[in-house]
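Before any comments, here is the structure.
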Amino acid sequence: MTTGKMARKTLATALMLASAMAMADAQVLELYVDSNTKQIFSEPGPNRVKIGTFRSVDNPADTKQENTASIDLVEMRQELELRQRELEEKLDKIAMAPAPKPAKKNWAETMKVRGYMQIRSNPIIGGDKDISHQADRSIGDNNNFLIRRMRLIFSGDIGERLSYYIQPDFASRTGDGTGNIAQLRDAYGDIYLTKDRVHRLRVGQSKIPYSFENLQSSQNRIALDRNDALNSCCKDERDLGVFYYYTPEDKQEMFKYLVDSGLKGSGNYGVFAFGAYNGTGANRAENNDNLHLVSRFTYPVKFENGQIFEAGIQGISGSFQPGGSINATRESFKDQRVGVHAVLYPQPFGLQAEWNWGKGPSLNDAGTMIEEKSLNGGYIQAMYRITDFFGYGVMLPFVKWQYYDGAQKFESNAPQNHVNDWEAGFEWQPVPEIEFTAYYSKLDRNNLATAPYSKYNTDILRFQLQYNF
């Protein structure tokens, strides 16, 4: 007999005994209970324990009364045994009944909403002033404050097999310079091929899994702009396509930790990724029949001292048709790259480096035609994370050098850009809701706004206040 059933039987016996004593409170008798079976008897025997003593019967009247009491006791015992069995059956049914299922929540009840806003100022303190920086249109003469980003992120799960992610930006700009226009950045669903979320398909407009810094959210990145060498592959880092991601469960936790802990992780874009996408950039119509293919492998490891290191390789292959007046025939060119990355997360000292090589469309030196040319470039960044900056939050000083020798294929006529920039400063987060970034930047690059795309050298101070909500 199981422990649960014995407990229920004891409970039933106790109820029976209480009823028996209540019904026979005025009669004279002796009652015994079997210590094993818990049954009640009117005479002693093996394993029987006496539970009550009553007076003896001496005269015929009392004898008659005793006989009547004995008959009543037998009937009462039978009735109580019947009740005992009924009670045990009810207790068994209660114990075996399945637990009630929690009510299934509507997908809108599980929606998560978060966002961030960035306000920038980039005063020029020396060198050429008539400049244009394709990564940040607020850099240049006659520019003061700018809302660089204002984003809201809506995400959640719809059942066990589908998650969604939608991110509009309310600080985009049109071609004529009008700012603070709403534009879609991300809109995709993750279809989980397994319930443990190890295998998934991401379908929609999302980031292309190429380059560590491209995948880093601007909300988490230290430098205000991504490097040109790897970012030139993908307009706004995003495109419309289908991507497969493989992420073991332990790496899912690690990717999440690297972002949540403030170590400047890139997020969960798989240990292995493979996908196909249009290749024309986010929010742009496809202009040829060719798809771009991309694949990426990255692997983070944690050493015994707690230090985390990540390294990987990625590649892109497709064809690209640049816009502009020179490419009148609308010819497509090979667009191929391979890149490597390595990150020593700041615990407290950190290093981050990437480099890529490839070929793609580029305006020739004479500025007369677009042709296929090689490209290469990357960056190295050193940083130091101070988790308690004199009791005022987290401080992260850094220095970064970037180099690029290649074309900016998404700019009109795919002009060449020769970049050799230095940056040095800090990011300070006094509280989780507020981040302030300030640094000196020495720019050595081409002005890509108008021909002949001449070189410029400019010294600027860069400031950004970011709200996280």
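Here are some notes:
- Just the protein heavy atoms count here, and of the accessible area of the stretch 91-169 at 1.4 Å, carbon and sulfur take up 58 percent.
- For L224, L201, the ranking by accessible surface with the largest value first comes to L201, L224, using a 1.4 Å probe.
- Each of L443, Y277, L146 was scored by the projection of its Cα onto the charge dipole of the chain, and the greatest displacement toward the positive side belongs to Y277; charges sit on the C-beta of Lys, Arg, Asp and Glu.
- When Cα extents along the principal axes in Å is calculated for this entry, the matching label among (i) 66, 56, 46; (ii) 137, 56, 43; (iii) 102, 50, 42 is (ii).
- Sequence ranges 405-416, 361-372, ranked by mean other-Cβ count within 10 angstrom, highest first: 405-416, 361-372
- Measuring nothing but protein heavy atoms, the accessible surface of the stretch 178-259 at 1.4 Å probe radius is 54 percent carbon and sulfur.
- The residues of the stretch 177-249 present an accessible area of 30 Å² per residue when probed at 1.4 Å with all protein chains retained.
- Karplus-based coupling profile of the stretch 390-406, in residue order and whole Hz: 6, x, 10, x, 10, 10, 9, x, 8, 9, 9, 10, 10, 9, 8, 10, x, with θ = phi - 60° in 6.51 cos²θ - 1.76 cosθ + 1.60 and x standing for Gly or Pro.
- Pairwise centroid distance, computed over Cα atoms, of the stretch 325-362 with the stretch 211-246, Å: 10
- C-alpha long axis of helix 3-23 to longest principal axis of the chain, angle in °: 40
- Taking the average, over residues, of other Cβ atoms within 10 Å as the packing measure, peptides 147-154, 82-89 rank 147-154, 82-89 from highest down.
- Relative contact order [Cα under 8 Å, 6+ residues apart], the chain, whole percent: 10
- Computed as a quarter of the hull surface, the mean projected area of the alpha carbon convex hull for the stretch 78-210 stands at 15.0 nm².
- Residues with amide H under 5 Å from that of A282, placed H, sequence gap 5 or more: K235, R238
- Taken about its Cα centre, the chain carries a charge dipole of roughly 400 debye when the Cβ of each Lys and Arg holds +1 and the Cβ of each Asp and Glu holds -1.
- Taking the C-alpha atoms only, the angle from helix 249-260 to the longest principal axis of the chain is near 60 degrees.
- Acute angle (nearest 10 degrees) that the helix 60-96 long axis makes with the longest principal axis of the chain, alpha-carbon atoms: 10
- The spacing between the stretch 389-423 and the stretch 247-301, judged by their C-alpha centroids, is 21 Å.
- Per-residue 3J(HN,Hα) values for the stretch 115-128, derived from phi via the Karplus relation 6.51 cos²θ - 1.76 cosθ + 1.60 with θ = phi - 60°, read x, 7, 9, 10, 10, 10, 8, 10, x, 7, 10, x, x, 5 Hz in sequence order (x marks Gly and Pro).
The values are calculated or read from the model by the stated rules, or taken from the named source; none is laboratory data. Since the model is a prediction, treat every value here as computed from it, not as a measurement. Positions of Cβ are backbone-derived with ideal geometry, glycine not excepted, and every protein chain shown enters the neighbour counts. Quick note on the areas: whole protein, heavy atoms, side chains included, nothing else; ligands and nucleic acids left out. Shrake-Rupley method; radii C 1.70, N 1.55, O 1.52, S 1.80 Å.
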